[in-house]
Structures are given as C-alpha cells and as structure tokens.
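Step one of this worksheet: look at the structure below.
The values are calculated or read from the model by the stated rules, or taken from the named source; none is laboratory data. Being a predicted model, the structure only gives us computed values, none of them experimental. Note: ideal-geometry Cβ built from the backbone for every residue, glycine included; neighbour counts use all protein chains shown. Ligands, DNA and RNA are excluded from the accessible area calculation, which covers all protein heavy atoms including side chains. Shrake-Rupley method; radii C 1.70, N 1.55, O 1.52, S 1.80 Å.
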Amino acid sequence: MQTMMEKFIDHFREALDAAEGKEIKMEDRFRDYEEWDSLRYLSVIAMIDSEYDVIIDTTDFRKIETVGGLMEEIRKRIKT
Amino acid sequence: MAYQKIENVRISGISACVPKTVVSNLNSPVFLSGDDAAKFISTTGIKERRIASADICSSDLCYNAAEKLIGELGWDRKEIDCLVFITQTPDYIVPATSCILQDRLGLSSECYSFDITLGCSGWVYGVSIMGSLLSTGCFRKGLLLVGETTTKTKSPTDKSTFPLFGDAGTATCMEYSPKAPPMYFHTGTDGSKHKVIYIPDGAFRNPTTLQSLNSEEVEPGVTRNRLQYIMDGGAVFVFSITKPPQSIKILMEKAAVASEKIDYYFLHQANKIMVEKILGKLKVPVDKAPTSYESFGNTSMSSIPLTMITAKRTDLVQSRLNLIICGFGGGLSWATGYVTTDHIVCPELIEI
C-alpha cells in the first residue's frame, strides 16, 4: 500500500507533467521547479480537487511554499 | 434564491458572426518559444482565434448576425418590440449602443431598447431577461444581441489573457408563445471578487489619465497598461470549477430534470481544462458538451450561441432539444438555464 505521501507525490508529478523519474521531496520549493508555470499551477489545483475533493483558493495557495506544506494543507481540509 | 421559471416564451432563432481574420496561437509572438505555445495549446485547447480589425465593433458583428437571422425568420421588423444589447465593448461610453442598433436595423421607434454590461454570463442572463420581458405577452417579439470584441481590451504581450480570447457577436430571436415549455434559470453573483477580472482605468472610479497609458512590466515579458484587462487566472479557475457545477446541480434539482433528459450541455467556452473539469464534476460525458474553443478561443458572452451554431446547427434546426446552458465569468457572475429549443432557425456562421 502506498502512503498518502507517496500517492500525493505521484499525483503532483503527473500534474506538473514532469518526467517519471523526477525526484520530488517534501522540502522542495515547488515554485523553483523548472516545470512550474501558471498552467501547471492550474493543473495542480485541478488535481487536488479531483483526487482529494479539496479546493485551495489563490490567496491561501500563495502562502504555501513547499511540497510538504501543500500536502499538509490538503490533509487539514480533507472532508472526513 | 435566484431561481426563475419563465413561461410562454420560445427561442425562435440564433445566429453568430465572427471576424474573418484568423490568428494562430502556435506562431504567436506572445509565447517566448514554440514549446511554450504547444504547452499552452495542449492545456487550453485553443489553437486559433478570430480577431476584429480596428473598424469592427461588437455592434457590427451583432448587426450582421441580426440582419441574417431576421431575414431567415422572415420577421417584419416593425413587430420587434424590444432590443437588448449585452456587451463590455460598446461603441461609445454614451449613448447606449442598443439605440444605435435600433436605428441601424430599421426597428420601430416604439422598440424598447437598452444595454446591459455583463461578461461571460451575459448570454444566459440575456435569455432570462428577454424571457421575462416577453412572458406576459405585452411584448411579442424580442431581439437579444450579445457580443464582444474582447481582444481589443487585452495587452498583446500578456500571455495570461491575450492568447485565450477571440471576438464574436450573436443574435437570438425570442417570441411570446403560450404553447412553449417553461424555461428555468438559476443565477449567482459574487462582487467581492470584482477585481479578479478587471480593467482598472477608463470609466469614472479611475478616469483615464496620462498615467493610464504607461505600460508596466508585471512579470518578465508581460506588459500591460491600466486600460487593459487583468485576469487572476488561478482565482478564475477556482471559481469556474466550483460555482458553475453547483449552479447546474441546483437548477436541475429545482426544475426536476434528470440528466438523461438533457441532449446537450452548452457551457461557456473558457478553455479546455475548465470545461472538462466542470464536466467531470457533473459526470457528463464530453460528447454531450459541444465545444468551439479550439477554433474561436474564449469568445466571452458569445461563446454559448457561437458553439451552438458551429457545433450543432443541424441538430438545432432539425430537432427538439433539451439544453442546459451555463455562462460564468467577470463580476463574478454566473447563470444557468434549462431551455427547450424546437426546430429553431439557425443561419450558417457569418464572417465579415
């Protein structure tokens, strides 16, 4: 069984349209990735909505800096 | 709740007009590389757009759409009791463009005519407004003109807006008809986000000054002045995947209509990722939701009637269809309708 973290990293890599082998670490600042741009940002929002049924608006998203921070925000908001 | 049921009104015909000039996104200088352009096209689905030259206004596109439609319907112009024109790009700040169109179309001086300012929710709103005007039978025939030369408000170096939009104008003829099935509408507004889609200067809150024309570099390679359109793409995206599907669900529940009864979902053609996301949330298969963004881009409030004409003209002419229509955008403003069309008149797409 994949952990939430492993699953999230897979979804995140896919939303970025990044190479399969791209290493993604929790402490990475995702805005520094070469793939990151305004279109990938939309894909990530769409992915979080489809996979976790969570919508993070622009104001809150701006405050998030790392991959781990994003996963934490999703974890907090997941409807149980 | 902004829910309406409107009786005794039918849609008689719909037409659309676009400028002849086609601009491809693949070779657009707004992108720094061919790779950027390809990425943009694969996400948004927008390959090309129509752009109005300096001498074509929204009213010209709508005028041509109306002339053709009135002709094919064989309507007597004297019988057109009301004219509603919806745009964000009028001919002048003063007076209302609907007055100019009343004269140009040779309509009676007794024609009840006015303008409305709305963005991408405009056509669905317009159908509900025209429906309300006609439903008592005091007015018998109405002409709804909806169009925008939206590309004229965009900075050509702003890749967050410029390659997304295209110009178009449409005409919708509606009439009092006691046998027509009811139309249902649900509408919503969130003005707290009015700056998410916004042109700062040029009206009366921030009148035009010399500074309005100063181009500022807002990010590398993106310059814009204060008379040009700003869009917070992320905020618009979050809005678009939340409110429109909610509104469609609310309306279908209120109108007690099952999804099997719907022939087509005509959604505002913002772009591929937004349209597909909304469909996914509603669990509607993509073949039930025709598109036009590939060849015309986001044509603002014209996008729904333009899609009807370019993707499903024959169906609209030859059959009776139950349709969900949903427009959403600047304001923020959104509107959903459940309407039935019955062998309506649809001239082929007009190009000028």
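Here region B:176-211 is scanned for amide nitrogen atoms under 17 Å from the site 7 Å beyond the Cα of B:ASP342 along Cα-to-Cβ, giving B:176-184.
Using a probe radius of 1.4 Å on protein heavy atoms only, what is the accessible area buried between chains A and B, both sides summed, to the nearest 100 Å²? Intermediate results must be reported in sequence, preceding the final value.
Numbers: alone 5300 and 14810 Å², together 18940 Å².
Chain pair A/B: roughly 1200 Å² of buried accessible area.
Starting from region B:98-147, pick out the trypsin sites (Lys or Arg not before Pro) whose DSSP state is loop and whose Cβ has at most 11 other Cβ atoms within 10 Å. Mind showing how you got there, number by number?
Values: sites: B:ARG104, B:ARG140, B:LYS141; in loops: B:ARG140.
Listed in order of number, the matching sites amount to none.
Give the accessible surface of region B:104-263 per residue, rounded to a whole number of Å², with probe radius 1.4 Å and ligands, DNA and RNA excluded.
Working: 7000 Å² over 160 residues.
Per residue, region B:104-263 has 44 Å² of solvent-accessible surface.
Taken along its three principal axes, the alpha carbon spread of the protein assembly as shown comes to 71, 54, 37 Å, from the longest extent down to the shortest. Computed over region B:1-136, relative contact order equals 26 percent, with contacts defined as Cα pairs under 8 Å that lie 6+ residues apart.
Per residue of region B:321-332, what does 6.51 cos²θ - 1.76 cosθ + 1.60 with θ = phi - 60° give for ³J(HN,Hα)? Whole Hz please, x for Gly and Pro, Karplus curve as stated. My calculation for region B:321-332 gives 10, 9, 10, 9, 10, 8, x, 7, x, x, x, 5 Hz in order. For B:SER259 and B:ARG140, a Förster radius of 56 Å and the Cβ-Cβ distance give a FRET efficiency of 0.95, rounded to the nearest 0.05. Placing a label point 7 Å from the Cα of B:VAL23 along the Cα-to-Cβ direction, the residues of region B:149-179 whose backbone N falls under 17 Å from that point are B:149-169.
Report, in debye and to the nearest 20, how large the dipole of region A:21-80 comes out about its Cα centre when Lys and Arg carry +1 and Asp and Glu carry -1 on their Cβ. Each step should come with its number before you reach the end.
Values: 11 positive and 15 negative charges, 43 e Å.
Around 200 debye, computed over region A:21-80.
Could you give the length gained by full extension between B:LYS283 and B:ASP315, i.e. 0.36 nm per residue of separation minus their alpha carbon distance, to one decimal place? Working shown, then result.
Working: separation 32, 0.36 × 32 = 11.52 nm, distance 2.30 nm.
Here the segment from B:LYS283 to B:ASP315 would lengthen by 9.2 nm.
Hey, with R₀ at 45 Å, roughly what FRET efficiency would B:ASP76 and B:TYR198 work out to, going by the Cβ-Cβ distance, to 0.05? Rounded to the nearest 0.05, the efficiency is 0.60. Over chain B, DSSP H runs of length four or greater, each weighted -39,500 (n - 2.57), average out per residue to a 222 nm ellipticity of -8500 deg cm²/dmol.
Counting only protein heavy atoms and a 1.4 Å probe, tell me what percentage of region B:1-48's accessible area is made up of carbon and sulfur. Write out the running numbers ahead of the final one.
On the way: 1160 of 2250 Å².
Here it works out to 52 percent.
Across chain B, C-alpha contacts under 8 Å between residues 6 or more apart give a mean separation that, scaled by the residue count, equals a relative contact order of 27 percent. Taking amide H as placed 1.01 Å from N in the peptide plane, the amide H of B:SER12 sits under 5 Å from that of B:CYS173, B:MET174, B:GLU175, each at least 5 places away or on another chain.
Amide H to amide H distances under 5 Å link B:TYR112 with B:CYS82, B:LEU83, where only residues 5 or more positions off or on other chains count and H is placed in the peptide plane. The residue among B:SER259, B:PRO163, B:ILE70 whose Cα reaches farthest toward the positive pole of the charge dipole of chain B, with charges on the beta-carbon of Lys, Arg, Asp and Glu, is B:SER259.
Annotation for A:GLU14 and B:LEU213: the two label points, set 7 Å from Cα along the Cα-Cβ direction, are 5.2 nm apart. If the cut-off is 19 Å between C-alpha atoms, which lysines fall inside it for B:LYS179, apart from same-chain ones fewer than 8 positions away? Reachable lysines: B:LYS5, B:LYS141. Charged side chains reduced to their Cβ positions (Lys and Arg at +1, Asp and Glu at -1) give region B:150-288 a dipole of some 300 debye around its Cα centre.
With a 1.4 Å probe and all protein chains left in place, how much of the accessible area of region B:214-339 comes from carbon and sulfur atoms, in whole percent?
Numbers: 2130 of 4530 Å².
Of all accessible area on region B:214-339, carbon and sulfur atoms account for 47 percent.
Taken along the Cα-to-beta-carbon direction at a fixed 7 Å, the label points for B:CYS99 and A:LYS7 span 6.2 nm.
Please arrange B:ASP201, A:ASP17 by accessible surface area, largest first, computed with a 1.4 Å probe and ligands excluded.
Details: B:ASP201 15, A:ASP17 110 Å².
Largest accessible area first, the list is A:ASP17, B:ASP201.
Residues in region A:40-48 carry Karplus couplings, in order, of 5, 4, 4, 4, 5, 4, 5, 4, 5 Hz; the curve used is 6.51 cos²θ - 1.76 cosθ + 1.60 with θ = phi - 60°, and Gly or Pro positions show x.
Extension gain, B:THR157 to B:TYR112: 0.36 nm times the residue separation minus the Cα-Cα distance gives 12.1 nm. Got a sec? Which residues of region B:225-245 lose 50 Å² or more of accessible surface with every protein chain in place, vs. that chain alone, 1.4 Å probe? Buried by 50 Å² or more upon assembly, which counts only protein chains, are B:PHE237, B:VAL238.
With θ taken as phi - 60° and the Karplus curve 6.51 cos²θ - 1.76 cosθ + 1.60 applied, the whole-hertz 3J(HN,Hα) list for region A:26-36 is 4, 8, 4, 8, 5, 5, 8, 4, 5, 6, 5 Hz, x standing for glycine and proline. In the protein assembly as shown, taking the dipole from charged Cβ atoms about the Cα centre, the farthest positive-side position among B:VAL22, B:VAL9, A:ALA18 is held by B:VAL9.
If we sort B:173-186, A:30-43, B:202-215, B:144-157 on the protection proxy, mean other Cβ atoms within 10 Å, highest first, what's the order? Each step should come with its number before you reach the end.
Details: B:173-186: 20.0, A:30-43: 15.9, B:202-215: 10.8, B:144-157: 24.6.
Peptide ranking by packing, descending: B:144-157, B:173-186, A:30-43, B:202-215.
Rounded to the nearest 20 Debye, what is the dipole magnitude of chain B about its Cα centre when Lys and Arg each give +1 and Asp and Glu each give -1 at the C-beta? Write out the running numbers ahead of the final one.
Numbers: 34 positive and 35 negative charges, 164 e Å.
Roughly 780 debye, rounded to the nearest 20.
For region B:88-136, what % of the accessible area comes from carbon and sulfur atoms, probe 1.4 Å?
Working: 1200 of 2200 Å².
Summing carbon and sulfur atoms, their accessible area is 55 percent of the total for region B:88-136.
With contacts defined as alpha carbon pairs under 8 Å and 6 or more residues apart, what's the relative contact order of chain A in percent? Show your work: numbers first, answer last.
On the way: 58 pairs, mean separation 27.3, N = 80.
Relative CO of chain A lands at 34 percent.
Mind running the shape call on chain A? Use the C-alpha gyration tensor, a ≥ b ≥ c as the square roots of the eigenvalues: rounded below 1.5 for a/c, prolate if a/b tops b/c, oblate otherwise. Judged from the Cα gyration tensor, chain A comes out rounded (a/c under 1.5). Interface burial in region B:28-74, defined as at least 40 Å² less accessible area with all protein chains than with the chain alone at a 1.4 Å probe, covers B:LYS39, B:THR43.
Close amide H partners of B:ARG140, meaning residues 5 or more places away or on another chain with modelled amide H under 5 Å apart, are B:ASP81. Placing unit charges on the Cβ atoms of the charged side chains and taking the dipole of region B:106-240 about its Cα centre, the candidate lying farthest along the positive direction among B:LEU145, B:MET183, B:LEU107 is B:MET183. In chain A, helices alone account for a calculated mean residue ellipticity at 222 nm of -16500 deg cm²/dmol, with every DSSP H run of four or more residues adding -39,500 (n - 2.57).
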